[in-house]
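Okay, so here's the structure we're looking at.
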Amino acid sequence: MESFASEKTVILKDVRAEISRKFSKAEGLPDEDCLAIALDEKGQVVVETKGGFAAFQDGHWKKLDEAPPVFTQKGHLKKRVAGALKVDEKNIRDIAQGPGEQIAVALERGMMIKSQGSDWERAHPRAGHHSWSPVDVRAVGYSADGTLWFACLQGVGYQKNGEWTLHPVCEGLPYNDFTSLAAGPDGEVYFGTTEGAIRFDGTTWEYREGPRWLPDNDIRGVVVDKDGTSWFATAKGVGCIEQPLMKLSEKARKLEEDIDKHHRRTLYGYVIGAHLKNPGDRSEWSNEDNDNDGLWTGMYGAGECFAYGATNDPYHKERAKKAFEALRFLSQVTQGGEHPAPRGFPARSIRPASGPDPNVSEYTAEKDKEHRENQDPLWKIIHPRWPRRWAVVLEV
């Protein structure tokens, strides 16, 4: 059979991975209650907490003796803008300075824009069939190419080369209770909300929320550094999502390493879920049998078959073979021993014979009868439900 190696027939681009990290007082934050976040003049991430200011250096947070200039300048700019607009400083939600000293201000009553040599003007974005007079504007910001972005309850929009583009909530925006926004180096934009973070690359919306991604869902500020890493200030610490580029083969190998470490059970290596002792902490975990041992292992084995077909790498062939042997054993183990299953009847899972007998503790005739009488009249009473073999020779 002819082998079709991907390296000879297909050119694959590197893919964008996502790795989330969380920082607390253990990593040097003065306090986990973060109020604001910014990039200083060197591109270094700095954060304001209830316990003071800190800068991210060499993988840890270093407490600062005084407020970084970036926070001081923002305060002065806010006062200057407030005076020029004749509004209460408290009504200013956000301010941003763009190219040519253009300034955009997010206000409770709308969005104001001032260009060099001109007066303040209230923005009335219009694009196609959409015409907005935005109110309750939550955030404004400029991308590297000078594009102005804003976020309000109606949705988000941007102005580029004098033309507006609008994205209302009804067109796929995941959430609209905005708190902040920041543009990345490649044109992507991150939006902070009270229920997580949103990434938009001009085509696709991506929503990130919960402990998998963030210390807390209520985002109080967001910045994006030169590497494209997004940083979030929350009430429970600082979170970041890194975006390293890697080859598909590298990503697959990392996932396989994680499966081998956390998601294997028995000498046959059934692929199953892992239960963490503490959420987010992968240093301690446990595994247990599952009715879908065969299903997950079969899906994993199929993936390794495709990997071998694409790469002709013996590494994937060997892993596919082991997955098949694990599935084959599910048909073999039900034969022989005490009360064997009918010939050809596979097991859904296996347990060590040295452990508790499920026929005594979990799957009793009494429980079967109760289940049929109270829940499912078609439930079959099978006892003992688990065939038992005292000794099994493992050949894998």
Output for Cβ contacts, cut-off 6 Å, separation at least six or different chains, first residue assigned by TED's automatic domain parsing to the domain that holds PRO340 in the range 356-385, second of a type outside the set (A, V, I, L, M, F, W, C) and surrounded by 12 or more Cβ atoms within 10 Å (Cβ to Cβ), reads ASN359/PRO384; TYR363/ARG385; ALA365/HIS383
Search the range 237-269 for residues being crowded, with 17+ Cβ neighbours inside 10 Å and among the small types (Gly, Ala, Ser), and hand back the single one that is farthest from the chain's Cα centre (by Cα). GLY269
Write out, first by first residue and then by second, each pair whose Cβ atoms fall under 6 Å of each other, whose residues are 6+ apart or on separate chains, and whose first residue, in the range 1-27, is more than 19 Å from LEU248 (Cα to Cα) while the second is polar (S, T, N, Q) and at pLDDT 50 or above. SER3/ASN312
THR165 versus (1) in a strand (DSSP E or B); (2) within 18 Å of the chain's Cα centre (by Cα): which is the lone unmet condition? (2)
With respect to VAL46, is the statement that it is among the β-branched types (Val, Ile, Thr) and modelled with pLDDT of 95 or more true? yes
Please identify the pairs in which a residue from the range 314-338 that is assigned by TED's automatic domain parsing to the domain that holds LEU295 and in contact (Cβ under 8 Å) with a residue 60 or more places away in the chain has its Cβ atom under 9 Å from the Cβ atom of a residue that is among the acidic types (Asp, Glu) and in a helix (DSSP H, G or I), counting only partners at least 6 apart or on another chain. ARG319/GLU256; ARG319/GLU304; LYS322/GLU304; ALA326/ASP293
Pairs, first at negative phi and touching a residue at least 40 places away in the same chain (Cβ under 8 Å) in the range 296-313, second in a helix (DSSP H, G or I) and crowded, with 19+ Cβ neighbours inside 10 Å, C-beta under 7 Å, six or more apart: TYR300/ALA323; ALA307/HIS316
Only one of these is more than 20 Å from HIS124 (Cα to Cα), buried (at least 22 other Cβ atoms within 10 Å of the Cβ) and either out of contact with any Leu (no Cβ under 9 Å at 6 or more places or on another chain) or not aliphatic (A, V, I, L, M) (or both): PHE178, PHE150, PHE191. Name it. PHE191
Is it true that some residue in the range 270-279 is over 20 Å from GLY355 (Cβ atoms), surrounded by fewer than 15 Cβ atoms within 10 Å (Cβ to Cβ) and touching a residue at least 12 places away in the same chain (Cβ under 8 Å)? yes
Inspect all residues belonging to the range 135-143 and state whether any of them is outside any loop (DSSP other than H, G, I, E, B), touching a Pro at 6+ places or on another chain (Cβ under 7 Å), at pLDDT 95 or above and not hydroxyl-bearing (Ser, Thr, Tyr). no
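Given the criteria buried (at least 19 other Cβ atoms within 10 Å of the Cβ) and either out of contact with any Leu (no Cβ under 6 Å at 6 or more places or on another chain) or among the basic types (Lys, Arg) (or both), does VAL156 qualify? Let's see the steps before the verdict.
On the way: buried (at least 19 other Cβ atoms within 10 Å of the Cβ): yes; either out of contact with any Leu (no Cβ under 6 Å at 6 or more places or on another chain) or among the basic types (Lys, Arg) (or both): yes.
Yes: the conditions hold for VAL156.
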Taking ARG372, is it of a type in the set (Lys, Arg) and farther than 27 Å from GLY298 by Cβ? yes
Answer residue from the range 120-134, given it is assigned to a loop (DSSP other than H, G, I, E, B) and not aliphatic (A, V, I, L, M) and is surrounded by the most Cβ atoms within 10 Å (Cβ to Cβ) among those: PRO134
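Let's see how each residue does on (1) at pLDDT 95 or above; (2) in contact with a strand residue (DSSP E or B) (Cβ under 6 Å, 6 or more places away or on another chain); (3) of a type in the set (D, E, K, R):
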{"site": "LYS236", "(1), (2), (3)": "yes, no, yes"}
{"site": "MET246", "(1), (2), (3)": "no, no, no"}
{"site": "GLU250", "(1), (2), (3)": "no, no, yes"}
{"site": "LEU267", "(1), (2), (3)": "no, no, no"}
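Before we move on, is THR72 over 30 Å from PRO314 (Cα atoms) and at pLDDT 80 or above? Break it down stepwise before answering.
Numbers: over 30 Å from PRO314 (Cα atoms): yes; at pLDDT 80 or above: no.
For THR72, the condition - over 30 Å from PRO314 (Cα atoms) and at pLDDT 80 or above - is not met.
The values are calculated or read from the model by the stated rules, or taken from the named source; none is laboratory data. Being a predicted model, the structure only gives us computed values, none of them experimental. Note that we place each Cβ from the backbone using ideal geometry, even for glycine, and neighbour counts take in every protein chain shown.
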